[in-house]
Amino acid sequence: MNIILFGPPGAGKGTQADILQKQHSLCKLSTGDMLRAAVTSGSPLGAQVKDIMAKGQLVPDSIMIDLIRGRIQQPDCHPGFILDGFPRTVAQAEALDAMLTSEKKKLDYVIELQVDDAELVRRIAGRFSCAKCGAGYHDQSKQPRQPGVCDACGSREFTRREDDKAETVSKRLEAYHRQTAPLLPYYRTQGILKSVDGMADIDAVTRQIDQVLRVRTKVAENS
């Protein structure tokens, strides 16, 4: 079973990928992880990637496809994979499809975690954590029991991530929707795009994804 997960920052895509990985023994493919692994591998392709990244340039699509090809050929990916962070353009999606076809593989599902942008900004922008132990809190949904004092360690120092600011989150969401918008109809025409409510709680999102996969499994069993 081969899956792509689409979802903006903060939608819980990584959490759902981890759950899918454990439940279905799938290989989770992160483009960032693959690039770092290539650089440290010492391979000719890794040396090429290292040189490109050192110059601050974008890694060409052809190299990313080669990295994905090499990764899905490894034994731990034989049951299937979950792809995160790629593709980001229709050209990349077409190149990915061509590569999978050459490997006698295909995508089974592209699952989109749909979100309400305003609610997602509220969720993310309200996050803060203890500067000492890292315990997480939220302005509206999870304040410390004693105001200004960490429940876990008693520290009075808290911090917020720069990329959790409302303005930053809004810009990242805009970029995500701009990049993803052309990809959705591309996969919809193939009949493999499925959408779930990414604003539901973690267990509810997992159940929705499970339902999508069960339908696919039943179809395969009856064919």
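General remarks:
- Residues satisfying the stated conditions in the range 129-146, i.e. basic (K, R) and surrounded by 15 or more Cβ atoms within 10 Å (Cβ to Cβ): K132
- Checked against (1) under 17 Å from the mean Cα position of the chain (by Cα); (2) surrounded by fewer than 12 Cβ atoms within 10 Å (Cβ to Cβ); (3) at pLDDT 90 or above; (4) not hydrophobic (A, V, I, L, M, F, W, C), R178 passes all but condition (3).
- The residues in the range 161-175 that are in a loop (DSSP other than H, G, I, E, B) and surrounded by 13 or more Cβ atoms within 10 Å (Cβ to Cβ) can be counted, and the count is 1.
- Test: K105 is under 16 Å from L213 (Cβ atoms) and of a type outside the set (D, E): no
The values are calculated or read from the model by the stated rules, or taken from the named source; none is laboratory data. Quick caveat, the model's predicted, so the values are computed rather than measured. Because the Cβ atoms are built from the backbone with ideal geometry, glycine has one as well, and the counts that use them run over all protein chains shown.
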